[in-house]
1. With the requirement that a residue be without any contact (Cβ under 8 Å) to a residue 60 or more places away in the chain and touching a helix residue (DSSP H, G or I) at 6+ places or on another chain (Cβ under 6 Å), what does segment 331-352 give you?
2. Restricting to segment 203-227, name every residue that is within 16 Å of the ligand (Cβ to nearest atom) and outside any strand (DSSP E or B).
3. Quick check: anything in segment 68-87 crowded, with 20+ Cβ neighbours inside 10 Å, away from the ligand (no atom under 16 Å from the Cβ), farther than 24 Å from Leu273 by Cα and not β-branched (Val, Ile, Thr)?
4. Scan Val355, Val328, Val383 and give me the residue that is touching a residue at least 40 places away in the same chain (Cβ under 8 Å), part of a strand (DSSP E or B) and within 16 Å of the ligand (Cβ to nearest atom).
5. So, in segment 5-44, how many residues would count as being in a strand (DSSP E or B), touching a residue at least 12 places away in the same chain (Cβ under 8 Å) and not small (Gly, Ala, Ser)?
6. Any residue at all in segment 471-488 that's outside any helix (DSSP H, G or I), touching a helix residue (DSSP H, G or I) at 6+ places or on another chain (Cβ under 9 Å) and more than 24 Å from Phe68 (Cα to Cα)?
7. Given the options Val186, Val239, name the one that is within 31 Å of the chain's Cα centre (by Cα), closer than 14 Å to Leu132 by Cα and of a type in the set (A, V, I, L, M, F, W, C).
8. From (1) crowded, with 24+ Cβ neighbours inside 10 Å; (2) more than 14 Å from the ligand (Cβ to nearest atom); (3) hydrophobic (A, V, I, L, M, F, W, C), pick out the condition that doesn't hold for Val230.
Amino acid sequence: MKPAMPSTDWTALETLADKPLEALFEGDGQRLRWMAFDAAGLHFDFTKTHLDQAVVAAFVRLAEQAGFKEARERLFSGAIVNPTEGRPAEHPAERGEGSEQAVELAGQRHARMRAVVDAIEAGAFGDVTGVLHIGIGGSALGPALLVDALGREEESYRVSVLSNIDGQSFDEAVRNLDPQTTLVVVASKTFTTAETLRNAESALEWLTANDVADPYGRVIAVTAAPAKAVEWGVDETRVLPFGESVGGRYSLWSAVGFSAALALGVDAFSDLLDGAAEMDQHFRLAPPEQNAPMLAAFGDLYYAQKRGAETRAIFAYDDRLRLLTSYVQQLSMESNGKSVTADGAPLGRPSGSVVWGGVGTDAQHAVFQLLHQGTHLVPVEFVAAVEADDGQDPAHHRELLLNCFAQAAALMKGRKSEQGARDYPGDRPSTTILLSRLEPRSLGALLAYHEHRTFTEAVLLGINPFDQYGVELGKEMARAIDDPETRDGFDPSTRALIERAGL
Ligand code: F6P
């Protein structure tokens, strides 16, 4: 018999009186001292959220009822935390935390990754100037973010990430690559994903059409299903495996990060893992009141469950982090977008929120109107680096930061006006995260923070964040539409669309 899910009672939280942010500052002279702190090299400021001692205490009680401490220990010890698939979630093992066996295996796989990077640098593949990284979802968003955020000047190879099945994406991805000197990295946990395999076939055709003698010899596969990659045609010496228990959206720490490790260097990749490991320790050991992922999850739940917020937004005041929102979107929405608990019972309350966002200051001139004066409550997370990147004009960076802080202050303060159109209600929540500099270590800590925030939210809701059955039906239907035997069974609207498109 399955163990019963722990039951949580949200009444205490639901009946707490809502206090405006201004009153929270006035009522607690120590607010800045305890709600703004450093963790794993990042600075977190939760003071502009509606969390206070009473709200945090209510969440701590909920966490106790949900068996949070035990669940967290299970995550870090490599016990089963993904009951529907009967697996642990072993991404922390990539950073050194987990069962002895998983940590050892992850170490060996990292060593193999490094050996392949060294071999490429030593000329085993001849002259290499570019990498076409093919993957989708968790097999693409992480590497794309890393290369975009940290590559720029230092990038030793031009990395182009191809995910979409749209042929335009393929053309775009290979436009600036030289087929003679490009390596193709096919990353797919399952090695069955239709888009990835189709794009990989097209990459082989592209190499062949450009007279590359041994196209398969230019392919490196990254997968948790090595036999499938070999069957597809990649020599096993060029297969970089990672663990079945590392979920796609949690996989950039594994061999899935290979293209980024190649472009940024293995030392940078190690620093990324170290930053994440530091956040692991913080999440494991810090008390809830000073625990950044826990407080962030409490905030997410407070606004979604108590105040009816359906979305939350992330704005990076740093162009290098323009892909952060997409990355966190998959992480959070694929993990916690579920309407049943881990044992299949109805959730009975809102699931994880819709995550959206963008880049400041651009977003100020596009969507911030709604954040300031719209009727929707949207908790915002601002992310910025204190120091500009080398070579950047400090005057620009100063203005970037001024704007970031001004937006958070304006959301909270608002402005009374006689004229309705100029009235800002204020009391709108935000969190600010400051990195000293955007570098591998701080980015690793930031991404691990999001993972643990997602995990905390899942445990309190009773959700299994590590499966994703909700993406299967659409894949099956795409196959069924493609099959003349089954397509007639579709609804009239879909049949008419198929006919109109001449499929
Ligand atoms: O369809 C969703 C999904 O399974 C994601 O969870 C995953 O990150 C992505 O597709 C890619 O899967 P794979 O790495 O197996 O190709």
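Coordinate-derived values only; no laboratory data. None of these values were measured; they are calculated from a predicted model. Neighbour counts are summed over all protein chains in view; Cβ atoms, including those assigned to glycine, are modelled from backbone coordinates with ideal geometry.
1. Pro350
2. The answer is Ala203, Ala224, Ala225, Pro226, Ala227.
3. Yes, some residue in segment 68-87 is crowded, with 20+ Cβ neighbours inside 10 Å, away from the ligand (no atom under 16 Å from the Cβ), farther than 24 Å from Leu273 by Cα and not β-branched (Val, Ile, Thr).
4. Val355
5. Looking only at that region, the number is 4.
6. yes
7. The conditions single out Val186.
8. In the conditions (1) crowded, with 24+ Cβ neighbours inside 10 Å; (2) more than 14 Å from the ligand (Cβ to nearest atom); (3) hydrophobic (A, V, I, L, M, F, W, C), Val230 misses (1) alone.
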